[in-house]
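Below: one structure, written as structure tokens.
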Amino acid sequence: MVITGCQAEPSKANQPRVKTGLEVLADRDFDVLQGKRVGLITNATGVDHNLVSIVDIFHQAEQVNLVALFGPEHGVRGDY
């Protein structure tokens, strides 16, 4: 005997989208970091939804004064 079931997949249109902290910072134009010296602890997994490194995003943002990078274990880019 084979029993199968059919269930419609729930619509994703009404589900809220979860944002990462990086996305929230970027949406707010890095306002909480403006005027501050920023040190970033990250590794190769620190990327946005387009797989762009948070290091590159912070470096390119004029509002962020990135002064130090800390890469525990295998380095910031994961190549050590």
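Scan the stretch 48-80 for residues that are loosely packed, with under 12 Cβ neighbours inside 10 Å and either among the aromatic types (Phe, Trp, Tyr) or touching a Gly at 6+ places or on another chain (Cβ under 7 Å) (or both) and report the count.
Matching residues across the stretch 48-80 total 4.
Would a scan of the stretch 5-16 turn up a residue that is in contact with a helix residue (DSSP H, G or I) (Cβ under 8 Å, 6 or more places away or on another chain) and either exposed (fewer than 13 other Cβ atoms within 10 Å of the Cβ) or at pLDDT 90 or above (or both)? Let's see the steps before the verdict.
Going residue by residue through the stretch 5-16, those that are in contact with a helix residue (DSSP H, G or I) (Cβ under 8 Å, 6 or more places away or on another chain) are none.
No - not one qualifying residue is present in the stretch 5-16.
Scan 26, 68, 44 and give me the residue that is assigned to a loop (DSSP other than H, G, I, E, B), hydrophobic (A, V, I, L, M, F, W, C) and in contact (Cβ under 8 Å) with a residue 24 or more places away in the chain.
Residue meeting the stated conditions: 44.
Within the stretch 47-62, which residues are of a type in the set (D, E, K, R) and free of Cβ contacts under 8 Å to residues at least 24 places away in the same chain? Explain how you work it out, then say what you get.
Keep residues of the stretch 47-62 that are of a type in the set (D, E, K, R), which gives 48, 56, 62.
Result: 56, 62.
The values are calculated or read from the model by the stated rules, or taken from the named source; none is laboratory data. Note that the structure is predicted; figures quoted are calculated from it, not measured. All Cβ positions, even for glycine, are placed from backbone atoms using ideal geometry, and neighbour counts span all protein chains on display.
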